[in-house]
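Student: The structure's right below; bear with me while I get my questions together.
The values are calculated or read from the model by the stated rules, or taken from the named source; none is laboratory data. What you are looking at is a predicted structure, and each value in this text was computed from that prediction instead of being measured. Here the Cβ is made from the backbone with ideal geometry for all residues, glycine too, and neighbour counts use every protein chain on show.
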């Protein structure tokens, strides 16, 4: 990627600001120090922490920053490659790196370990549960009669068909002994605290991670049996916070934040975003949500954000427009890239590399095309996961350079 191009630098800086606002470590420590939780934290010791999801390592570090010596044990279940060196030094750490987006035997092993971890917890220990997106695949315990093959087929079919995350999570809950409020009853009477980083619409704990530590669906703050539970639940980060941080960082530019979260097929959304970027009156347009991508039998390289970005590139070809689409967790589908930044010359660069944009989209091989164009965005694991961020920019090079020169420090 040509990061010397000032408009790409603007978009990358705004992405960094958005990610910093929803950083798992920062948001978890802030929540535990908040007026709402500080008194409960001060009155309880020791703590056992169960952290599950793509942001689990960052959230666990945030808990350690506040709890200090009160933190006795940490069970950390996360995606491969999402644990940094500092997180590996957490006190009493037990680390399980698991599978995402398609579960494997490690997911079932992690689910069994999570159940045992709760069962082993002494009565005098206060549980702190940290849940973020990705938990649906990373940890599971199946109902009798369901198999790993059933679970994998459900995930593969749901992902390949472009099924919405809400619909896919609903199907996952049907065969799970953990999801949909089934884990919460095991914590009764312990005064548990559950913090969430949300990657779902409405930021509902009953939906985040397929309801891993949420109340039973439709019962409010209740156990699966419908009785009131004593779990204090708090969502500490969401895409809304990321978008507002982006707005604040974009001072000096006219900004339009689209309040309704997007969903639906990536190529259909690409038409909408290209249209709103081209015809809108703001210099910067920003959207949050999660697209869906129907995959062919043998998909190529890429993910939904790369596919969306390449589809937009086809629509803005020849125009002086830029658009970034990225997963806030730093990964896009099965790839290690977060997404892409495209502009009016992306398709020309792809063609110069001997590739055809339409063919790459048809084969779900957008990552190959964006790599050839130098348009991939790579952040590495970010320590958060609040869904996807799409940002369109309508600036001249001169305006972008002026903004970069005049902007305040981070």
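Student: Hey, among 248, 309, 286, which residue is closer than 30 Å to residue 365 by Cα, in the same structural domain as residue 345 (by TED's automatic domain parsing) and part of a helix (DSSP H, G or I)? I'd like the intermediate steps shown before the answer.
Tutor: On the way: 248 fails: closer than 30 Å to residue 365 by Cα; 286 fails: part of a helix (DSSP H, G or I).
Answer to the check: 309.
Student: In this structure, is residue 107 modelled with pLDDT under 95, under 20 Å from residue 176 (Cα atoms), under 21 Å from the mean Cα position of the chain (by Cα) and part of a helix (DSSP H, G or I)? Outline the logic, then answer.
Tutor: Details: modelled with pLDDT under 95: no; under 20 Å from residue 176 (Cα atoms): yes; under 21 Å from the mean Cα position of the chain (by Cα): yes; part of a helix (DSSP H, G or I): yes.
No; evaluated as a whole, the condition is false for this residue.
Student: Out of 105, 152, which single residue is surrounded by fewer than 16 Cβ atoms within 10 Å (Cβ to Cβ) and either out of contact with any strand residue (DSSP E or B) (no Cβ under 7 Å at 6 or more places or on another chain) or assigned by TED's automatic domain parsing to the domain that holds residue 294 (or both)? First the steps, then the outcome.
Tutor: Details: 152 fails: surrounded by fewer than 16 Cβ atoms within 10 Å (Cβ to Cβ).
The unique qualifying residue is 105.
Student: Separate question: Among 389, 401, 315, which is assigned to a helix (DSSP H, G or I), outside the structural domain of residue 196 (by TED's automatic domain parsing) and surrounded by 18 or more Cβ atoms within 10 Å (Cβ to Cβ)?
Tutor: Being assigned to a helix (DSSP H, G or I), outside the structural domain of residue 196 (by TED's automatic domain parsing) and surrounded by 18 or more Cβ atoms within 10 Å (Cβ to Cβ) holds for just one of 389, 401, 315, which is 315.
Student: In segment 364-377, which residue that is touching a strand residue (DSSP E or B) at 6+ places or on another chain (Cβ under 9 Å) and part of a loop (DSSP other than H, G, I, E, B) is nearest to residue 8 (Cα to Cα)?
Tutor: 375
Student: I need the helices (runs of 4 or more DSSP H) fully contained in segment 1-47, keeping only those with at least 2 residues that are in contact with a strand residue (DSSP E or B) (Cβ under 6 Å, 6 or more places away or on another chain) and buried (at least 16 other Cβ atoms within 10 Å of the Cβ). Show your work before the answer.
Tutor: Numbers: elements: 6-21, 24-33, 35-43.
Fully inside segment 1-47 and qualifying: 6-21, 24-33.
Student: Here is a follow-up. Just to be sure, is residue 320 more than 23 Å from the chain's Cα centre (by Cα), in contact (Cβ under 8 Å) with a residue 40 or more places away in the chain and not in a strand (DSSP E or B)?
Tutor: Working: more than 23 Å from the chain's Cα centre (by Cα): yes; in contact (Cβ under 8 Å) with a residue 40 or more places away in the chain: yes; not in a strand (DSSP E or B): yes.
So residue 320 passes the test.
Student: Restricting attention to segment 85-120, report how many residues are in contact with a helix residue (DSSP H, G or I) (Cβ under 8 Å, 6 or more places away or on another chain) and in contact (Cβ under 8 Å) with a residue 60 or more places away in the chain.
Tutor: Qualifying residue count for the region: 4.
Student: Can you spot a residue in segment 230-237 that is over 30 Å from residue 130 (Cβ atoms) and touching a strand residue (DSSP E or B) at 6+ places or on another chain (Cβ under 9 Å)? Don't jump to the end; show me each part of the working.
Tutor: Restricting attention to segment 230-237, the residues satisfying the condition of being over 30 Å from residue 130 (Cβ atoms) are none.
For segment 230-237, residues over 30 Å from residue 130 (Cβ atoms) and touching a strand residue (DSSP E or B) at 6+ places or on another chain (Cβ under 9 Å): absent.
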